[in-house]
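The values are calculated or read from the model by the stated rules, or taken from the named source; none is laboratory data. Fair warning: this is a prediction, and the values are worked out from it, not measured in the lab. Glycine also receives a Cβ, built like all others from the backbone with ideal geometry; neighbour counts cover every protein chain displayed.
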Amino acid sequence: MTGTTSGRDGRSAAVLGPGGVGGLVGALLARSGADVTFLAGEATAAALTEHGVHVRSRQVGELHVPARAVTRLDRPVDVVLVAVKQTALDHALDRVPPEALGDGVVVPFLNGLDHLDVLRARYGTERVLPATISVESARVAPGEIEHTSAFVDVGLAPGAVEPERVEAVRKLLDRAGIETRVYADETALMWAKLSFLAPFALLTTTYRAPIGDVRTAHGAELEALVREVAAVAAASGAPSDPERTLARYERFAPEAKSSMLRDAEAGLPLEVDAIGGAIVRAADRAGVDAPLTRVLVAGLGG
């Protein structure tokens, strides 16, 4: 990968959406010596430029980095990390015109499946590197990030991106302390996260309750939904292990909430269509039924 700017480690990155995920990842990259540009609205960009990004992390402790923040990509970079919500994607992409990207790679950290088609149509299939991220992190104010998990894990799948570019992105993230693995199968990577996330998000948000309450009061529904989503995943060509998913929920702290529930509590737009809607559309494509998912999506306004 060759961008026209570089940090001390020879890599440059732009972070579209410096919220809980983007702010954390951008700060970790900056700490590692990467040349990072944050892309945000005028007020947020001004706050980051003046005060930098401050992270309080269970994993790395206190972290403060200066920030270069602009409202629109103004120079080529090696990597653009897309860390906005699906509900804000169309508007946010105006900050990254295809002609401004140079020969950089777009790495999306969004929930769901459908954003990959949107990004590939805009930037080209060979420029979009499918990815997932597992982390619990929230923006409490512009440039103020609370990272509450003891991990930041990224999965990459090459898609049509050249192998050397995939490896360059992996190394960039790895140097920042972000555990990053490359998977051969894009479908398996994307469904592994969605199969876990969808039941968690849909049920905690429907009942406005953390996972402990859902396990106790709605355990049968949780199990049924996990198995239904696993069947859609399998019909879509992805490995499926509902028992493993249910076991992961059992290990969650009872007070754990999905990001969708936190958005609902804050009165923010919900990613019902990106998460639940993606399951319904996949079920339709595969010719399988997903009645429980449909009811939950409809009930949440998706």
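When ALA231 is evaluated against the numbered criteria (1) in contact (Cβ under 8 Å) with a residue 12 or more places away in the chain; (2) in contact with a Ser or Thr (Cβ under 6 Å, 6 or more places away or on another chain), which criterion, by number, is the only one it fails? Failed condition: (2). Look at (1) over 24 Å from ALA150 (Cα atoms); (2) surrounded by fewer than 16 Cβ atoms within 10 Å (Cβ to Cβ) and you find that GLY276 fails only one, number (2).
The single condition among (1) in a helix (DSSP H, G or I); (2) within 20 Å of ALA150 (Cα to Cα); (3) under 20 Å from the mean Cα position of the chain (by Cα) that THR180 does not satisfy is (1). The C-beta contact set for segment 148-177 (first residue assigned by TED's automatic domain parsing to the domain that holds VAL106, second residue among the aromatic types (Phe, Trp, Tyr), distance under 9 angstrom, 6+ apart or interchain) comprises VAL154/PHE109; GLY155/TYR183; LEU156/TYR183; ALA157/TYR183; PRO158/TYR183.
Taken over segment 88-145, the criterion of being outside any loop (DSSP other than H, G, I, E, B) and of a type in the set (Phe, Trp, Tyr) is satisfied by TYR123 alone. Only one entry in GLU167, GLU186, GLU162 is within 17 Å of the chain's Cα centre (by Cα) and among the acidic types (Asp, Glu), namely GLU186. Among the residues of segment 100-124, those that are within 14 Å of LEU194 (Cβ to Cβ) and not small (Gly, Ala, Ser) comprise PRO108, PHE109, LEU110, ASN111, LEU113, ASP114, HIS115, LEU116. Scanning segment 33-60 for residues that are basic (Lys, Arg) and part of a strand (DSSP E or B) gives a single hit, ARG56. Within the set ALA45, ALA40, the sole residue that is under 25 Å from LEU270 (Cβ atoms) and modelled with pLDDT of 95 or more turns out to be ALA40.
Scan segment 102-118 residue by residue and report those that are buried (at least 23 other Cβ atoms within 10 Å of the Cβ) and more than 14 Å from the chain's Cα centre (by Cα). Scanning segment 102-118 gives GLY104, VAL105. Residue check, LEU93 against (1) modelled with pLDDT of 95 or more; (2) crowded, with 21+ Cβ neighbours inside 10 Å, all met but one. Which one? LEU93 satisfies all of (1) modelled with pLDDT of 95 or more; (2) crowded, with 21+ Cβ neighbours inside 10 Å except (2). The condition of being in contact (Cβ under 8 Å) with a residue 60 or more places away in the chain and of a type in the set (Ser, Thr, Tyr) does not hold for SER240. None of PRO76, PRO66 is surrounded by fewer than 17 Cβ atoms within 10 Å (Cβ to Cβ), in contact with a Gly (Cβ under 6 Å, 6 or more places away or on another chain) and either under 22 Å from PRO130 (Cβ atoms) or in the same structural domain as GLY20 (by TED's automatic domain parsing) (or both) except PRO66. Which of the residues belonging to segment 259-293 are of a type in the set (Asp, Glu), assigned to a helix (DSSP H, G or I), within 22 Å of the chain's Cα centre (by Cα) and under 17 Å from LEU194 (Cα atoms)? Matches in segment 259-293: ASP273 only.
Considering ARG227, ARG248, the condition of being surrounded by fewer than 24 Cβ atoms within 10 Å (Cβ to Cβ), touching a Phe, Trp or Tyr at 6+ places or on another chain (Cβ under 7 Å) and in a helix (DSSP H, G or I) is satisfied by ARG248 alone. Suppose we keep only residues that are crowded, with 17+ Cβ neighbours inside 10 Å, over 15 Å from ALA282 (Cα atoms) and small (Gly, Ala, Ser) within segment 189-224. Which one would you say is nearest to the chain's Cα centre (by Cα)? So, considering only residues that are crowded, with 17+ Cβ neighbours inside 10 Å, over 15 Å from ALA282 (Cα atoms) and small (Gly, Ala, Ser), the one nearest to the chain's Cα centre (by Cα) is ALA201.
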